[in-house]
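The values are calculated or read from the model by the stated rules, or taken from the named source; none is laboratory data. What you are looking at is a predicted structure, and each value in this text was computed from that prediction instead of being measured. For neighbour counting, all protein chains shown are included, and Cβ atoms are generated from backbone atoms with ideal geometry for every residue, glycine included.
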Amino acid sequence: NAGVTQTPKFQVLKTGQSMTLQCAQDMNHEYMSWYRQDPGMGLRLIHYSVGAGITDQGEVPNGYNVSRSTTEDFPLRLLSAAPSQTSVYFCASGAGAPDTQYFGPGTRLTVL
Amino acid sequence: GNSVTQMEGPVTLSEEAFLTINCTYTATGYPSLFWYVQYPGEGLQLLLKATKADDKGSNKGFEATYRKETTSFHLEKGSVQVSDSAVYFCALSASGGSNYKLTFGKGTLLTVNP
């Protein structure tokens, strides 16, 4: 099993550009989520999904879109990047609470 | 809403010292509690968890006890190693229908010197 994979590992964008952060898992987990990690802030939930076709907002959803067309994939879209979105983004998956959630290696995004 | 408060870092210890990282939480109902560890340049890994009051989670010499009366889940290790240097996050997963979502503390950076 590869677990949770994320691409790219690093990305630099200019303000206003769009991009998609990819996340995939091969553990057949129903639950997937996106977090952002900022210095001194811990991890904050952006969006999550409890199964294919079902998504919902987390704590900090503004500026981000998600969709879940398959169990395996959960991409995160930035439609118009802003410097405030400079962060490290983590994708996670799990079989359901209180089961362990497994985190990907992260994507470091810089918006200039 | 739910929240997690953990001790501010950074924490610097010598090898073989005793470690305590305090964690307290606010939540309704009966949350599950977790400690995650993040090694430099990596994602988060589950270190240990406890799902009900008085449960003790343990792994790799670390342990934490779910104390509902004090709403705490302090992380301890009797003798730290250089390889334990990492950021440690306390987290909770709320009970009820939305119990997939994790609420994290801000993290505590631990540095262990030889």
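Kindly provide the set of residues from segment A:77-87 that are within 16 Å of A:Cys23 (Cα to Cα) and at pLDDT below 95, ordered by number.
Hits for segment A:77-87: nothing passes.
Any residue at all in segment B:12-33 that is within 14 Å of chain A (Cβ to nearest Cβ), closer than 30 Å to A:Thr7 by Cβ and not charged (D, E, K, R)?
No, every residue in segment B:12-33 fails to be within 14 Å of chain A (Cβ to nearest Cβ), closer than 30 Å to A:Thr7 by Cβ and not charged (D, E, K, R).
Scan segment A:70-112 for residues that are more than 14 Å from every other protein chain (Cβ to nearest Cβ), of a type outside the set (A, V, I, L, M, F, W, C) and either outside any strand (DSSP E or B) or touching a Pro at 6+ places or on another chain (Cβ under 6 Å) (or both) and report the count.
Looking only at that region, the number is 9.
In the list A:Gln25, A:Gln57, which residue meets the criterion of being within 14 Å of chain B (Cβ to nearest Cβ), out of contact with any Leu (no Cβ under 8 Å at 6 or more places or on another chain) and loosely packed, with under 14 Cβ neighbours inside 10 Å?
Step by step, each of A:Gln25, A:Gln57 is checked, and only A:Gln57 is within 14 Å of chain B (Cβ to nearest Cβ), out of contact with any Leu (no Cβ under 8 Å at 6 or more places or on another chain) and loosely packed, with under 14 Cβ neighbours inside 10 Å.
If I ask for residues that are polar (S, T, N, Q), without any contact (Cβ under 8 Å) to a residue 12 or more places away in the chain and part of a loop (DSSP other than H, G, I, E, B), which ones from segment B:56-114 would you list?
B:Ser98
For segment B:71-114, which residues satisfy the criterion of being of a type in the set (Gly, Ala, Ser) and buried (at least 16 other Cβ atoms within 10 Å of the Cβ)? Please lay out each step first, then the result.
Start the filter on segment B:71-114 by keeping residues that are of a type in the set (Gly, Ala, Ser), which leaves B:72, B:78-79, B:83, B:85-86, B:91, B:93-98, B:105, B:107.
Within segment B:71-114, B:Ser72, B:Ser85, B:Ala86, B:Ala91, B:Ser93, B:Ala94, B:Ser95, B:Gly105, B:Gly107 qualify.
Quick check: is even one residue across segment B:81-88 within 25 Å of A:Met41 (Cβ to Cβ), within 13 Å of chain A (Cβ to nearest Cβ) and either under 13 Å from the mean Cα position of the chain (by Cα) or modelled with pLDDT of 95 or more (or both)?
Yes, segment B:81-88 has at least one match.
For segment B:37-70, give me each residue that is among the polar types (S, T, N, Q) and either over 13 Å from the mean Cα position of the chain (by Cα) or buried (at least 19 other Cβ atoms within 10 Å of the Cβ) (or both).
B:Gln38, B:Thr51, B:Thr70
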